[in-house]
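See below for the structure under consideration.
The values are calculated or read from the model by the stated rules, or taken from the named source; none is laboratory data. Please read these numbers as outputs of a predicted model, since none were measured by experiment. Ideal geometry is used to build each Cβ from the backbone, glycine not excepted, and the neighbour counts take in all protein chains shown. Areas reflect the complete protein model, heavy atoms only, side chains present, ligands, DNA and RNA absent. Shrake-Rupley method; radii C 1.70, N 1.55, O 1.52, S 1.80 Å.
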Protein chains: 2
Amino acid sequence: MQLESLQLFVEVMRYGNFADVARAHGVAPSSVSRSIAALERDLGARLFQRSTRRLTPTEAAAVFYHRLQPALREIESARAAAGDLQREVSGTLRVSAPAAFANSAIVPLLPEFAALYPQLGLDLEISDRFVDLLEERIDVAIRLGSLPDSNLVARRLAQMSFQVCASPDYLRRRGVPQVPADIAAHDCLLFPRVGYDLDWLFRDSGGEVEKVRIEGRIQIANSAAILSCAIAGMGLALLPDWLLRDALATGRLQALFADYEVSATDFDSAVWILYPSRSYLPQKTRVFVDFLGERYATRPA
Amino acid sequence: MQLESLQLFVEVMRYGNFADVARAHGVAPSSVSRSIAALERDLGARLFQRSTRRLTPTEAAAVFYHRLQPALREIESARAAAGDLQREVSGTLRVSAPAAFANSAIVPLLPEFAALYPQLGLDLEISDRFVDLLEERIDVAIRLGSLPDSNLVARRLAQMSFQVCASPDYLRRRGVPQVPADIAAHDCLLFPRVGYDLDWLFRDSGGEVEKVRIEGRIQIANSAAILSCAIAGMGLALLPDWLLRDALATGRLQALFADYEVSATDFDSAVWILYPSRSYLPQKTRVFVDFLGERYATRPA
DNA sequence: TTTATTAGTGCGTATAATGCACGAATGCAG
DNA sequence: CTGCATTCGTGCATTATACGCACTAATAAA
């Protein structure tokens, strides 16, 4: 029984065919086929019913998979733990982050981080869905907003604050709103959120919250696209500060309502960093978490 | 990382030296030495401090060992479980069968079968369409009639013979037909079949085939419903023997033309049992196929 | 000091793995 | 209904790997 065959089997269960697994591993499909066949010989049981175009796992495969997968992960984890005891930061760190945040807040920091730890490879998995850290073998994940409960270790990187902004061109044409109620007369770029109405919340320095109904003809569920629209002068946008930093710094956008905190949902969104709660935290994970923590402490988002 | 290297490592931790492990495995000591060295390369950490006459496990080895050992045991156990599923009658058997056949010919046998194999769960998928065994993860399928070609293993359970019958009440009112041609004057219960005209075929003991045009006002594409109509005295019905057994035995129906073979299509219909593959045939599939085979051999349908 | 045993290393051979090409099967698009 | 493309499996030639043997260095016990 080959360990590689077991890993291939697990991936075949995930992908549902041999060819994709072969491509992912850079080997010939026949190799995968032979590995699985060898495994079946070892088990004395058929794992997949094959028709040329479809693989169907047998009951034996399902049983084997559900017990094998945790064991393989444990071996991998044990290997990492043993290695990290005597090794410096090395290997590959798999980071999962939302697309917009990765592009504007992580990628700019990568050169410095990579220079700090030349032995460490970085695998940035960009995805806006909530990935399963264990399933995808993610070491560290960035999550925005409020946090669903889980058995992961969570650390709050920074408070996430929002700002209303528009392009100078737009403000010249339509005027600069002075108080929150003024935005009712403006085009707003809408980010549809399930469970929330089309209101923006403004909290003044005294803590008073004002809710203003907004209107607009453009609605996009992608904050990077909303940013582009705002820069193009299509209206007011409510966006998180980490996404605006560049555009504000270069003057392509102009922030409004400096005296207010603004939000579309509530006022306690944050940037979270998550990692699996392992008894032995790999060095690479620790240094990455510490690095981001430092960065966001000294240069708050 | 080789699975065998991991197993060797565990044993080295137990024995405390390479030579004994090598002897226990019937390999050369140099082989063990090389396996451990490869493992150390994979981990990036030294596992043993070697002095020619003594091995001292490092801290990394201790950490690795304590997590590796349960994982290896789990893999071995998972392998045994998957294999046992093949060799022992356990798990769940998914059977696909046409509704009428399932109700009258399979369900009555289930109590006995279930008692024979108490560890086996049974999932009876009743469907009159031709399901894709792989797609639906079906272990065994029952098919009636003639068989479309496929890459499945097919076994003929029994010849399927048809009989013309009617209720005693109906025969009292309308008279008992003596020769095939007599049925032209009777109400017949029609089962519409694509590609076949409304004729019934009679083959006498001499092999002579007679085709008789039938007529009737009731047409139902459901043999169980036709059975009910016949029992209710609504006409003559041409039905497969396995569907009639009960009604004939209790006298609710009476068979006609004992000296003829009858059919609505051709004379070589059969009950087929199909399963996906012959290699690594799970025990649960084998016992079910054998059980039905025995049942239909001793008590022909 | 001698002896016996152990780990590590070259080296040649034997076994195993791999890729490629080909064939059969099958789902999909036109 | 018919090509078209993709997928899995197998035979074959090639390549890579693993293995044992012989030998060296080292060390604990006699």
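Quick notes on this structure:
- To the nearest 10, the accessible area of B:Asp182 is 60 Å² with a 1.4 Å probe.
- The largest-to-smallest principal axis extents of the Cα set in the protein assembly as shown are 104, 87, 38 Å.
- Close amide-amide hydrogen proximity is noted between B:Val27 and no other residue 5 or more places distant or on a separate chain, at a cut-off under 5 Å (H modeled in the peptide plane; Pro and chain starts excluded).
- Computed over the stretch A:1-95, the P(r) tail beyond 19 angstrom holds 46 percent of alpha carbon pairs.
- Antiparallel bridge percentage (DSSP; both residues within the protein assembly as shown; nearest 5): 70
- Rounded to the nearest 0.05, the FRET efficiency derived from the C-beta distance between A:Arg129 and B:Val179 at R0 = 60 Å is 0.20.
- Estimated FRET transfer efficiency (A:Tyr15, B:Arg155; beta-carbon r; R0 45 Å; 0.05): 0.85
- For chain A, radius of gyration divided by Kirkwood radius, i.e. Rg to Rh on alpha-carbons: 1.09
- Ratio Rg/Rh, restricted to the stretch B:45-181 and using Cα atoms, in which Rh is the Kirkwood radius: 1.38
- Distant-in-sequence amide H partners of A:Gly233 (H built 1.01 Å from N, under 5 Å): A:Ser167
- Taking a straight line from the alpha carbon of B:Lys211, these aspartates and glutamates sit under 18 Å away, with near neighbours fewer than eight places off in the same chain left out: B:Asp182, B:Asp187, B:Asp197, B:Asp199, B:Asp259, B:Glu261, B:Asp266, B:Asp268.
- Length-normalised contact order of chain A in % [C-alpha pairs under 8 Å, at least 6 apart]: 21
- Antiparallel bridges, percent of DSSP beta bridges restricted to the stretch A:185-267 (to nearest 5): 75
- Entry comment: accessible area of the stretch A:1-96 is 44 Å² per residue, from protein heavy atoms only and a probe of 1.4 Å.
- Taking only protein heavy atoms and a 1.4 Å probe, the accessible area of chain B is 47% carbon and sulfur.
- In order along the stretch A:245-259, the Karplus-derived 3J(HN,Hα) couplings, from 6.51 cos²θ - 1.76 cosθ + 1.60 at θ = phi - 60°, round to 3, 4, 5, 5, 5, 8, x, 6, 10, 10, 7, 10, 6, 4, 8 Hz, and Gly and Pro are given as x.
- Working note: 222 nm ellipticity from helices only, DSSP H runs with n ≥ 4, each -39,500 (n - 2.57), summed and divided by the residues of chain A, gives -12000 deg cm²/dmol to the nearest 500.
- Summing Lys and Arg as +1 and Asp and Glu as -1 over all other residues whose Cβ lies under 9 Å from the Cβ of B:Leu68 gives a net charge of +1.
- Among beta bridges identified by DSSP and lying wholly in chain B, the antiparallel ones come to about 70 percent.
- Charge tally for B:Asn17 (other residues, Cβ to Cβ under 15 Å; Lys, Arg +1; Asp, Glu -1): +3.
- Label positions at B:Ser279 and B:Glu215, each projected 7 Å from the Cα along the C-beta direction, are separated by 6.0 nm.
- For the stretch B:121-130, 3J(HN,Hα) computed residue by residue from phi via the Karplus equation (6.51, -1.76, 1.60; θ = phi - 60°) reads x, 10, 10, 8, 9, 8, 7, 8, 8, 7 Hz, glycine and proline entered as x.
- Cα-derived Rg to Rh of the stretch B:148-247, Kirkwood definition: 1.01
- Couplings 3J(HN,Hα) of the stretch A:6-20, computed from phi: 5, 5, 4, 4, 4, 6, 5, 4, 6, 6, x, 7, 7, 4, 5 Hz, in residue order, whole Hz [Karplus 6.51 cos²θ - 1.76 cosθ + 1.60, θ = phi - 60°; x for Gly and Pro].
- Accessible surface buried upon B-A contact (total; probe 1.4 Å; Å², nearest 100): 3500
- The residues of the stretch B:134-237 expose on average 54 square angstrom of accessible surface per residue, using a 1.4 Å probe on protein heavy atoms.
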